[in-house]
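Quick notes on the structure that follows.
Every number here is computed from the coordinates shown, using simple stated rules; none is lab data. Here the structure is a predicted model, which means the values were calculated and not measured. FYI the Cβ positions are ideal-geometry reconstructions off the backbone, even for glycines, and counts take in every protein chain you see.
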Amino acid sequence: MVVTSVTPAALLAGAPGVRLVVLGGEAETGSGELVGPAALAALDDLHVDLAVLTPSGLDARGAWAPTSSTAQLHAAAARAADRTVVVVGPEALGRPGRVRSVRLDEVDRVVAAPGEGVAQQLGDLRASVRSGPELVTA
């Protein structure tokens, strides 16, 4: 599994049955996303089973990132992975961001954290796409 941020890396480090790869690069201020040429180069040399992305927004057009460097990283991680899972909080559902990182049809599963309005947002998302990822709540 490859993670693109220091936060999930810290949570998954040492977990039983998880082979974790943490990219090099520079931790982006605010998000902790590991970005830049070192991170992108590492992804070019990897084949991974699962990429877990945590975008700033998700709508029918895809997953969104706050910066172009984060969007590039998310796109590269999705390309390197057999499966891509997007994990979002209620504040990100139905909300576009600044830069789209992956289209919704490039995602295998969306996991939404429970919260007010999540069921409605997931229902709206299901209704707006013909085919796409499995949509679940955590």
### Query
Cβ under 15 Å from Q121's Cβ, Q121 left aside: what net charge do those residues give with Lys, Arg +1 and Asp, Glu -1?
-1
### Cβ-based net charge around P90, under 15 Å, with every Lys or Arg adding one and every Asp or Glu removing one
-3
### Query
Against the longest principal axis of the chain, how steep is helix 68-80, in degrees 0 to 90 to the nearest 10, with axes from Cα atoms?
90 degrees
### Task
Using only the Cα atoms, work out Rg/Rh for the stretch 2-137, with Rh taken as the Kirkwood radius, to two decimals.
0.95
### Task
Identify, among A60, V111, L73, the residue whose Cα sits farthest towards the positive end of the charge dipole of the chain, taking +1 on the Cβ of Lys and Arg and -1 on the Cβ of Asp and Glu, with the dipole about the Cα centre.
A60
